[in-house]
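Here is the structure we will look at, set down as structure tokens.
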Amino acid sequence: MINETMKELGNKRSVIREIFEFGNRRRAEIGAENVYDFSLGNPNVPAPEAVNRTMIELLQTKSDMYLHGYTSAQGAIDTREAVAADLNRRFGTAFHKDNFYMTCGAAASLKISLTALYTPRDEVIAFTPFFPEYRVFVETCGAKLVTAASDQDTFQIDFEVLKPLITEKTKAVIVNSPNNPSGVVYTAETVTKLSELLRAKEAEFGHAIYLIADEPYRELVYDGMDVPYLTKYYRNTIVCYSYSKSLSLPGERIGYILVPDEVTDAKDIYAAVCGAGRALGYVCAPSLAQHVIASCTGMVSDLNVYRLNRDLLIDNLTEFGFTCIHPDGAFYLFMKSPIADAGAFCEKAKDFDLLLVPADSFGTPGFVRIAYCVSTEMIRNSLPAFRKLAESFGL
Ligand code: PLP
């Protein structure tokens, strides 16, 4: 006998992976330049030049022990000090190294945090559309994922929907802004209202409700958009951060968990984070990446390409008759499928070698995700295919 839940999880390929595999087959058949693959959120913009330079300098000047040896389980001291100093400078906070636990990216940050917080019968709320792995992370902790539909026009939080879902069993609420897949950024008004509601519910139920801020896209915003820093609005916020997107380093697997001092039972939660990291086998995030972060935290890859791509897509797709949600951040365009079945729409798109992701697994049937972290040239070349797709649906 083996763990059947894990077997099922391993055998069940994600929709995105399926589409990506289809793309590989088509690339081999007709050439990569003829396949317009918008399926994956893999940043195409290079890491800031300072990242590679720092890596080379480290390799040339530091000992093997420093570069490749274990750091302490929660991360190297100078890395955690640098991360705290950068956030304090940017957001006027007062974090210190012992608020941070370095991780293998946001996925590990989320899984460790949820494992640290979980007790039997807990419920965790996420807003649709949400990153599909939330369900995996929450349910494999034995907790229940409760989904709250967002406002279908703005994709901000719909408080009338949310309010009755917060119960005595609610342990945490996950927010992801800028959002994958909608590209929507929560306004200060939304964050203020959410904080007030959670405080009222904490008082009503007599226990803490933690806000888990999943923030891999925090710095990826356009047109001077402000992304409210949640710890300043709501005391019981735990931040799950990753450098995968801001520094274009998804393969280096580096991020952190931030448990501020103000959080209820902060010391116990930090200890539980260390314990969960240990139980899950996540101690000591990759050392070389940690040392790079000590110098490069706070830097951002060049966002100009993403902005150009976003504008090119949204202007043209709207002209072709599609309806899109205007993205203020991340690198995803959320588009309404012209037919109710977004899966069937994406199948049809394959006839034009356009690889789009139906948003059903994000909890939002009837929508499609277009990842525009691709070359601008590919977007330009794909526009006639999008036009034909629109025409095939009578738009
Ligand atoms: N959360 C969201 C919303 C994401 O989009 C992703 C990755 O795409 C992750 C978490 C996981 O990020 P990482 O690659 O840092 O584990």
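So for the chain: antiparallel DSSP bridges make up what percent, rounded to the nearest 5? It would help to have the intermediate numbers written out before the result.
Working: 18 of 38 bridges.
Percent antiparallel among DSSP bridges in the chain is about 45.
In Å and from the alpha-carbon atoms only, list the Rg and Dmax of segment 212-268.
12.9, 40
Measure out, as a whole number of angstrom, how far apart the alpha-carbon centroids of segment 1-33 and segment 179-217 sit.
Going from one Cα centre to the other spans 34 Å.
Taking the dipole about the Cα centre of segment 67-296, with the C-beta of Lys and Arg at +1 and of Asp and Glu at -1, give me whichever of SER72, VAL124, THR187 is farthest to the positive side.
Going by the Cα projections, it comes out as SER72.
Quick check on packing: order 61-74, 235-248, 218-231 by the mean number of other C-beta atoms within 10 Å, highest mean leading. Let's see the in-between values first.
Details: 61-74: 12.5, 235-248: 24.4, 218-231: 17.6.
Averaged packing, sorted descending, gives the order 235-248, 218-231, 61-74.
Report, in whole Å, the centroid distance computed from the Cα atoms of segment 268-289 and segment 339-386.
Centre-to-centre distance over Cα atoms comes out at 37 Å.
With a 1.4 Å probe and every protein chain kept in, tell me what percent of the accessible surface of segment 1-138 is carbon plus sulfur.
On the way: 4020 of 7270 Å².
Roughly 55 percent of what the probe reaches on segment 1-138 is carbon or sulfur.
Each residue of segment 163-169 in order: what ³J(HN,Hα) in whole Hz does its phi give by Karplus 6.51 cos²θ - 1.76 cosθ + 1.60, θ = phi - 60°, with x for Gly and Pro?
Coupling constants for segment 163-169: 3, x, 7, 7, 10, 4, 8 Hz.
Which aspartates and glutamates have a Cα lying under 13 Å from the Cα of LYS171, excluding residues fewer than 8 positions away in the same chain?
ASP122, GLU123, GLU202
Lysines near LYS348 by alpha-carbon distance under 22 Å, same-chain residues fewer than 8 away left out - which ones?
LYS336, LYS388
Extension gain ALA85-ALA203, at 0.36 nm per residue separation less the Cα-Cα distance, in nm? All intermediate terms of the calculation are to be shown ahead of the outcome.
Details: separation 118, 0.36 × 118 = 42.48 nm, distance 3.30 nm.
Full extension of this stretch gives 39.2 nm more.
Would you grab the residues whose amide H sits under 5 Å from the one on ALA149? Only those 5+ places off in sequence or on another chain, please, with H modelled 1.01 Å from N.
The list, which skips near neighbours in sequence, is THR128.
Compute for segment 309-375: radius of gyration divided by Kirkwood radius, i.e. Rg/Rh, restricted to C-alpha atoms, rounded to two decimals.
Checking Rg against Rh, the ratio lands at 0.93.
Could you pull the Cα extents of segment 67-296 along its three principal axes, largest to smallest, in whole Å?
Projected onto the principal axes, the Cα atoms of segment 67-296 cover 51, 43, 31 Å.
How much accessible area per residue does segment 67-296 have, in Å², with a 1.4 Å probe? Provide the component values of the computation, followed by the final result.
On the way: 8460 Å² over 230 residues.
Per-residue accessible area for segment 67-296 comes out at 37 Å².
Would you mind working out the magnitude of the charge dipole of the chain relative to its Cα centre, with +1 at each Lys and Arg C-beta and -1 at each Asp and Glu C-beta, to the nearest 20 Debye?
Details: 39 positive and 49 negative charges, 122 e Å.
Here the chain has a charge dipole of around 580 debye.
With a ≥ b ≥ c the root eigenvalues of the C-alpha gyration tensor of segment 118-181, is it rounded (a/c under 1.5), prolate (a/b larger than b/c) or oblate? All intermediate terms of the calculation are to be shown ahead of the outcome.
On the way: a/c = 2.76, a/b = 1.39, b/c = 1.99.
Verdict is oblate for segment 118-181.
If the viscosity is 1.567 mPa s and the temperature 4 °C, what translational diffusion coefficient in µm²/s does Stokes-Einstein give for segment 228-336 when Rh comes from Kirkwood over Cα pairs?
76 µm²/s
Taking 1 over the mean of 1/r across every pair of different Cα atoms in the chain, what Kirkwood radius in Å do you get? Walk me through the numbers on the way to the answer.
On the way: mean 1/r = 0.0455 Å⁻¹.
Across the chain, the inverse of the average 1/r is 22.0 Å.
Which of the residue pairs LYS169/LYS267; LYS144/LYS193; LYS7/LYS350; LYS169/LYS201 have a Cα-Cα distance greater than 18 Å in the structure shown? Don't jump to the answer; show the numbers that get you there.
On the way: LYS169/LYS267 23 Å; LYS144/LYS193 24 Å; LYS7/LYS350 30 Å; LYS169/LYS201 11 Å.
In this structure, LYS169/LYS267; LYS144/LYS193; LYS7/LYS350 exceed 18 Å between Cα atoms.
What does the charge add up to near THR170, with Lys and Arg as +1, Asp and Glu as -1, over the other residues with Cβ less than 15 Å from its Cβ?
Values: positive: ARG121, LYS144, LYS163, LYS169, LYS171, ARG199, LYS201; negative: ASP122, GLU123, GLU168, GLU202, GLU204.
With Lys, Arg at +1 and Asp, Glu at -1, the neighbours total +2.
The values are calculated or read from the model by the stated rules, or taken from the named source; none is laboratory data. This is a predicted model, so every value here is computed, not measured. Because the Cβ atoms are built from the backbone with ideal geometry, glycine has one as well, and the counts that use them run over all protein chains shown. Just the protein is used for accessible areas: all its heavy atoms, side chains included, with ligands, DNA and RNA removed. Shrake-Rupley method; radii C 1.70, N 1.55, O 1.52, S 1.80 Å.
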